[in-house]
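See below for the structure under consideration.
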Amino acid sequence: MKVIPFVLLFAVLTSCGTNKLGSDSTLENDLGFKKNEFVAHFSKLQNDNLIGLKPLTIIDGEPYEYSGYLLDEVNYFTDLKVKKITHMKIEKAVGLFGKRGKEGVLMLNTY
């Protein structure tokens, strides 16, 4: 299985819109999300088995490496003033990212 490089994939996602490539949901907040909003959204995605404990996370086109699990990183995400959260289900993520997408994909935008 061929894995698409992040830079190329980011260019495709931003040029044609993520919904055309199978994004499952997008949340937007021009003021930035608060900690409790992140926790509620990520917990719901995990409880519904749409993402795993350590999904591939891309922040403004750059892959983010976790030091713990997704919910451990909420303070960092809150400090970034994330304005848009898009998630991709595991099945679609594996198709685009190979085994790196095995726990789903979160795309966070700060602009």
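The values are calculated or read from the model by the stated rules, or taken from the named source; none is laboratory data. A quick note: this is a predicted structure, and the numbers were derived from the prediction, not measured. Positions of Cβ are generated from backbone atoms using ideal geometry, with glycine treated the same way; all protein chains shown enter the neighbour counts. Note: areas computed on protein heavy atoms with side chains; ligands, DNA, RNA excluded. Shrake-Rupley method; radii C 1.70, N 1.55, O 1.52, S 1.80 Å.
Descriptive notes on the structure:
- Residue in region 63-74 that is surrounded by the most Cβ atoms within 10 Å (Cβ to Cβ), counting only those that are under 11 Å from the mean Cα position of the chain (by Cα) and either outside any helix (DSSP H, G or I) or among the β-branched types (Val, Ile, Thr) (or both): Tyr64
- Of all the numbered requirements in (1) open to solvent by less than 20 Å² (accessible area, probe 1.4 Å); (2) under 16 Å from Gly104 (Cα atoms), Val82 misses one, and that requirement is (2).
Residue-wise test of (1) part of a helix (DSSP H, G or I); (2) surrounded by fewer than 16 Cβ atoms within 10 Å (Cβ to Cβ); (3) aliphatic (A, V, I, L, M).
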| residue | (1), (2), (3) |
| --- | --- |
| Thr26 | no, yes, no |
| Phe38 | yes, no, no |
| Asn49 | no, yes, no |
| Thr57 | no, no, no |
| Tyr76 | yes, yes, no |
